[in-house]
Protein chains: 2
Amino acid sequence: MELISSNKTFGGHLNKYRHASSVVACEMTFSVFLPAQADVGVRLPVLYWLAGLTGNEDTFVQKAGALRVAADLGLIIVAPDTSPRGSEVPDSAPEEWAWGQSAGFYVNATEKPWSDHYNMYDYVVNELPGLIDRHFPTSGRCGISGHSMGGHGALVCALRNPQKYLSISAFEPICNPARTPWGIQAFSGYLGADRQSWLSWDASELLASCQSNLSILVEFGGADEYLDEELKPCTLLGAISNSRCELEIRVRQGYDHSHYFIASFIEDHLRYHYKKLVSSTL
Amino acid sequence: MELISSNKTFGGHLNKYRHASSVVACEMTFSVFLPAQADVGVRLPVLYWLAGLTGNEDTFVQKAGALRVAADLGLIIVAPDTSPRGSEVPDSAPEEWAWGQSAGFYVNATEKPWSDHYNMYDYVVNELPGLIDRHFPTSGRCGISGHSMGGHGALVCALRNPQKYLSISAFEPICNPARTPWGIQAFSGYLGADRQSWLSWDASELLASCQSNLSILVEFGGADEYLDEELKPCTLLGAISNSRCELEIRVRQGYDHSHYFIASFIEDHLRYHYKKLVSSTL
C-alpha cells in the first residue's frame, strides 16, 4: 500500500493510497480521512462512502464538506474509487457512461470479460475493509453510505450483510436498478441476460425479503432530475412492508442531484452514523 | 446576464451566470451564492472571492465548504473566473500555467496583445460589482478574499481601493509578485519589461506606502510547498512598519497549499468578514 498524497485538514489528514487489488485485478486508489483522534491511540469507527457515476475517490472528500464534521466526531471516512481502472481493464463505449470504468455499480460481474475485474462488491465489502482494519486504528465498527449509484451500492452491501454495517444511509440512491435505465444497461453488461440474477443486486428486492431489523436513512432532493426515471424512491418504500427493517425517507424540496445537496445535509447523516457506530450493540 | 445553472444548497442557491464583459472583451462566467435571506427582501453584504492559478468560478464554491457558513450568516459570495477565456483571447504556451488563461493575476495588462483582454483588475473592482449590485439585494458593503494568486489579487484590490472593501483577508497569498518567479513571469508578459510599473501591483509595495488604516487578515499553512519561494509572508510583514494598516498573519502548522487548508479555516474568515461588514462605519 503506497501513500500517494497527504493533506492536513481540520486537524487530521486526508490521505490517498494506491494498492494492488486481487479481487479487481488492477491497481486501486482510495482516500481515507484520519481525524486527529487517530494519532493518539484511540480506536475509531469507520464510514465507507461510495461515490456515484463518473465519480472517484476524490469526489466526496473534496465536495461534500464532510471532513469538518468527521474531524469533530472522530470518525474515519474511507472513499474508494467507483470501478477498476487502467488500460488492461475493459471499458464500455465512450458514450455509455452508466457502466464501465468509473461506473462499476458495486456488483460482482459474472460475464466475460467484465468478471475478470468488475468485482467492486467484493472489493468494498471484503478486501478494502481488511486493508483498512490492518493499517488504521479502527474500532471494528463501520457504517456505509453513498450517492446515486453509490447509494445503491451502500444499500445493497448493507442488505446483503446485515451483520456487517451498524449504520446505513444513502443520498439519492438508485433504488430499483433491475428496472431502471442506468441499472438495466449496467446489469446487462456485468450480469448478462438472465434478469433473475439481477434481483440480488437490487435494493428494493433485497429490502422486500430482508428478515433482519436494519435501520436505513435515505435522503432525496425534490428537484432531483433523475428522481422518477432512475431513482424510484417509491419502489423502496413499497418494499418495506414485507421486511423487518426500519426506513426513513426524507425529501428536501428544491434540491437537485448535485453535491450541493449532499453538502447541505451531510452533517445530519454523519451524526446519525456516528451515534449508531458508538452505541449499537454488535 | 444569462443564468446557466442553479443549485439549491443550504437553503439558498448557488447560481452561475454568463455575461459579455466590456473590460475584458469576452464572455465571462461567475458563481454567486445567494443565501435564503436574499429571498425575503433583506439587503446583504457581499464577499468577493478570488481563486488561484488554474482555478475558475467553481473552485471555491465546490471545495471550500464556505456555503454552509455563508448561509448561516446571510452573506452573499461572488466567485469570478481567474482570467478572460476563449479562442479569441491570447494565451501563454501550454507549459506556462502561471500566466495566460486561468492566470490573469488580477492586473490591467499594458502590453499588446494582452491589454485587449487581460484587465481582470477592472473587472473585479468595477464591472463585476456593478453587475452584482444591479441584480442582487446587496447592502452596498463588501469584502474581498482569495487564495494564492487570488490572495494577491484580494490584497492588491483592497490596498488600491482603501474605501471600497470593508473587510480584507487572504489565504496563502503571493505577497511580493514583483520579485518571485510566478509573478515575474506574469508581470513580464502583462506589464512589460519596466519593473517599476510592476510595483503598483505588488501587495508588499502597496502596503508599505498605504496611509489608510486597513485591517488585513492573512492565513498560511506551515507546510505550504510554495511558502518560501513564491509567497514570501516575511516581505508582507516587513512592509507593515511604514504603513498605518493592521496586519494579522497566522501560520497553521502542517497545512499545505491545497483547498483542504482553506476548508479547515474558512469559517473563521467568513465570520471575520461578516462582523466587519455589518458593523464597520463606511
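The values are calculated or read from the model by the stated rules, or taken from the named source; none is laboratory data. Just so it is clear, the structure is predicted and the values come from calculations on it, not from any experiment. Note that we place each Cβ from the backbone using ideal geometry, even for glycine, and neighbour counts take in every protein chain shown. Protein only, heavy atoms only, side chains kept; ligands, DNA and RNA dropped before computing areas. Shrake-Rupley method; radii C 1.70, N 1.55, O 1.52, S 1.80 Å.
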Hits in the range B:53-70 - residues which are more than 9 Å from every other protein chain (Cβ to nearest Cβ) and open to solvent by 10 Å² or more (accessible area, probe 1.4 Å): B:Leu53, B:Thr54, B:Asn56, B:Glu57, B:Asp58, B:Thr59
Meets criteria (touching an Asp or Glu at 6+ places or on another chain (Cβ under 6 Å), modelled with pLDDT of 95 or more and among the hydroxyl-bearing types (Ser, Thr, Tyr)) for A:Thr110: no
Given (1) open to solvent by 10 Å² or more (accessible area, probe 1.4 Å); (2) outside any strand (DSSP E or B); (3) among the hydrophobic types (A, V, I, L, M, F, W, C), number of the condition B:Val124 does not satisfy: (1)
Sole exception among (1) more than 13 Å from chain B (Cβ to nearest Cβ); (2) over 26 Å from A:Lys164 (Cα atoms) for A:Ser258, by number: (1)
Top-ranked residue in the range A:189-214 [being in contact with an Asp or Glu (Cβ under 8 Å, 6 or more places away or on another chain) and without any contact (Cβ under 8 Å) to a residue 60 or more places away in the chain; ranked as nearest to A:Asn161 (Cα to Cα)]: A:Leu214
Where B:Ala203 falls short, out of the listed (1) at pLDDT 95 or above; (2) away from chain A (no Cβ under 14 Å); (3) open to solvent by 30 Å² or more (accessible area, probe 1.4 Å): (3)
Which numbered condition B:Ala79 fails, given (1) outside any loop (DSSP other than H, G, I, E, B); (2) more than 14 Å from every other protein chain (Cβ to nearest Cβ); (3) among the hydrophobic types (A, V, I, L, M, F, W, C): (2)
Where a residue in the range A:215-227 is within 11 Å of another protein chain (Cβ to nearest Cβ) and its partner, wherever it lies, is open to solvent by less than 10 Å² (accessible area, probe 1.4 Å) and of a type in the set (Asp, Glu), with Cβ under 8 Å and at least six apart: A:Gly221/A:Glu172; A:Asp224/A:Glu172
Whichever residue in the range A:1-12 is closer than 13 Å to A:His135 by Cβ and free of Cβ contacts under 8 Å to residues at least 60 places away in the same chain and, among such residues, is nearest to the other protein chains (Cβ to nearest Cβ): A:Leu3
Among (1) assigned to a helix (DSSP H, G or I); (2) within 26 Å of B:Val42 (Cβ to Cβ) - the single one B:Val156 does not satisfy: (2)
Any chance B:His273 is within 14 Å of chain A (Cβ to nearest Cβ), surrounded by 19 or more Cβ atoms within 10 Å (Cβ to Cβ) and under 26 Å from A:Lys63 (Cβ atoms): no
Given (1) in contact with a His (Cβ under 8 Å, 6 or more places away or on another chain); (2) open to solvent by 40 Å² or more (accessible area, probe 1.4 Å), number of the condition A:Ala223 does not satisfy: (1)
Test for B:Gly143: is it open to solvent by less than 20 Å² (accessible area, probe 1.4 Å) and not aliphatic (A, V, I, L, M): yes
Candidate set: the range A:84-103, residues that are free of Cβ contacts under 8 Å to residues at least 40 places away in the same chain and under 27 Å from A:Ser6 (Cα atoms); chosen: the one least open to solvent (accessible area, probe 1.4 Å): A:Gln101
Subset of the range A:27-46 (residues that are open to solvent by 10 Å² or more (accessible area, probe 1.4 Å) and either over 12 Å from A:Ile132 (Cβ atoms) or over 20 Å from the mean Cα position of the chain (by Cα) (or both)): A:Glu27, A:Thr29, A:Ala36, A:Gln37, A:Ala38, A:Asp39, A:Val40, A:Gly41, A:Val42, A:Arg43
Condition broken by A:Phe265, with the remaining ones in (1) over 19 Å from the mean Cα position of the chain (by Cα); (2) within 14 Å of another protein chain (Cβ to nearest Cβ); (3) surrounded by fewer than 20 Cβ atoms within 10 Å (Cβ to Cβ); (4) modelled with pLDDT of 95 or more satisfied: (1)
Qualifying positions in the range A:105-121 - crowded, with 16+ Cβ neighbours inside 10 Å, assigned to a helix (DSSP H, G or I) and not hydroxyl-bearing (Ser, Thr, Tyr): A:Trp114, A:Met120
Candidates A:Ala186, A:Ala170, A:Ala193, filtered to the one that is at pLDDT 95 or above and open to solvent by 10 Å² or more (accessible area, probe 1.4 Å): A:Ala193
Meets criteria (over 29 Å from B:Ala64 (Cβ atoms), away from chain B (no Cβ under 11 Å) and buried (at least 21 other Cβ atoms within 10 Å of the Cβ)) for A:Val24: yes
Matching residues, the range A:6-21, being open to solvent by 40 Å² or more (accessible area, probe 1.4 Å) and not charged (D, E, K, R): A:Ser6, A:Phe10, A:His13, A:Ala20
Subset of the range A:226-256 (residues that are at pLDDT 90 or above and open to solvent by 70 Å² or more (accessible area, probe 1.4 Å)): A:Tyr226, A:Asp228, A:Glu229, A:Lys232, A:Cys234, A:Leu237, A:Glu246, A:Glu248, A:Val251, A:Gln253
